[in-house]
Amino acid sequence: MKFGFDIDDTLINLREHAFNLYQKKLNVSVEPEKFQALTGVPIHELFGLTREEGGRMWNTMRDEIYYTDCPPFPHAIEALQELIRQGHEVYYITARAPEHCERTKMWIEKAGFPVQEGSFYCGMGDAEKVHIIRRLGLDYYFDDKPAVLDTLTELPLKVYARDNSYNRHLDIPRITTWSELLDIVREAGE
Ligand SMILES: [Mg+2]
């Protein structure tokens with residue numbers, strides 16, 4: 001079977017990592033409950049920033065957000081390694097900007113994610129992921145972002161939302177922890 005994964009906030013806890021870095025940088029403390037209650041992807045409003053200021057903040061801190069010690073979600077690395085051991089194919093499909101693709105690939109490999117030859121796709125827009133997913137003929141795909149998940153409803157594959165406060169309105173299968181992944185695969189008899 002072919003399994004595709006978004007990276008940010010699907011396999012790694014990037015947004016919360018950025019939330020913590022923003023607090024340090026701005027020297028403020030924001031309750032984690034406020035972060036967990038956000039119904040949209042951006043985090044700038046928690047820091048009293050406008051959308052534009054938030055965009056500038058993200059761009060200024062992007063290297064630090066992407067390439068320091070962002071934690072993978074629990075069991076993500078082990079689950080993907082096990083898929084490969086079982087003979088499945090694992091693909092990564094990230095909409096990080098083209099100039100970040102090479103470093104991102106190196107970072108996820110260094111973090112321990114299994115990256116096979118030809119399995120890393122990067123630099124497309126959210127709305128273009130659907131074309132890659134179709135072309136690869138994926139059997140499963142996992143993402144956190146409504147703007148991506150909404151484009152996949154017509155495809156003949158199993159799509160899961162990686163559970164987050166901003167995607168709970170979507171009525172599609174969801175995965176809340178990566179320890180569930182191998183059970184899903186086993187129960188489907190794949
Ligand atoms: Mg994502």
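Just so you know, all these numbers are worked out from the coordinates, no wet-lab data involved. Quick caveat, the model's predicted, so the values are computed rather than measured. FYI the Cβ positions are ideal-geometry reconstructions off the backbone, even for glycines, and counts take in every protein chain you see.
Once the Cα atoms are used to define both axes, helix 101-111 deviates from the longest principal axis of the chain by about 80 degrees. Rounded to whole numbers, the Karplus 3J(HN,Hα) couplings from phi for the stretch 169-178 are 6, 7, 9, 9, x, 9, 10, 9, 8, 5 Hz, using 6.51 cos²θ - 1.76 cosθ + 1.60 with θ = phi - 60°, and x at Gly and Pro. The number of Lys pairs in the chain with C-alpha atoms less than 20 Å apart, excluding pairs fewer than 8 positions apart on the same chain, is 10.
If you count, for each residue, the other Cβ atoms within 10 Å and average over each peptide, how do 42-50, 23-31, 72-80, 141-149 line up from highest to lowest? Please list the in-between numbers first.
On the way: 42-50: 15.3, 23-31: 11.3, 72-80: 19.0, 141-149: 22.3.
Order by mean packing, descending: 141-149, 72-80, 42-50, 23-31.
Place a +1 charge on the Cβ of each Lys and Arg in the stretch 14-67 and a -1 charge on the Cβ of each Asp and Glu, then give the dipole magnitude about the Cα centre in debye, rounded to the nearest 20. Intermediate values should be presented prior to the final figure.
Details: 7 positive and 8 negative charges, 19 e Å.
About 100 debye.
Scaling the Cα radius of gyration of the stretch 142-181 by the globular reference 2.2 N^0.38 Å produces a ratio of 1.08.
Restricting the calculation to Cα atoms, the stretch 14-67 shows an Rg/Rh of 0.91 when the hydrodynamic-style radius is the Kirkwood one.
Helix 51-67 axis versus longest C-alpha principal axis of the chain: approximately 60°, rounded to the nearest ten. Percentage of Cα-Cα pair distances in the stretch 74-155 greater than 17 Å, rounded to whole percent? Here the long-distance tail beyond 17 Å is 50 percent of all Cα pairs in the stretch 74-155. By the rule of a second cysteine Cβ within less than 4.7 angstrom, the chain holds isolated cysteines at Cys70.
Using the Karplus relation 6.51 cos²θ - 1.76 cosθ + 1.60 with θ = phi - 60°, the per-residue 3J(HN,Hα) values for the stretch 37-50 come to 9, 4, 9, x, 5, x, 10, 4, 4, 5, 10, x, 9, 6 Hz, with x marking Gly and Pro.
The three principal axes of the C-alpha atoms in the chain carry coordinate ranges of 49, 34, 28 Å, sorted with the longest axis first.
Across the stretch 113-121, rounded Karplus estimates of 3J(HN,Hα) from the backbone phi angles (6.51 cos²θ - 1.76 cosθ + 1.60, θ = phi - 60°) give 6, x, 10, 8, 3, x, 10, 10, 10 Hz, Gly and Pro being marked x.
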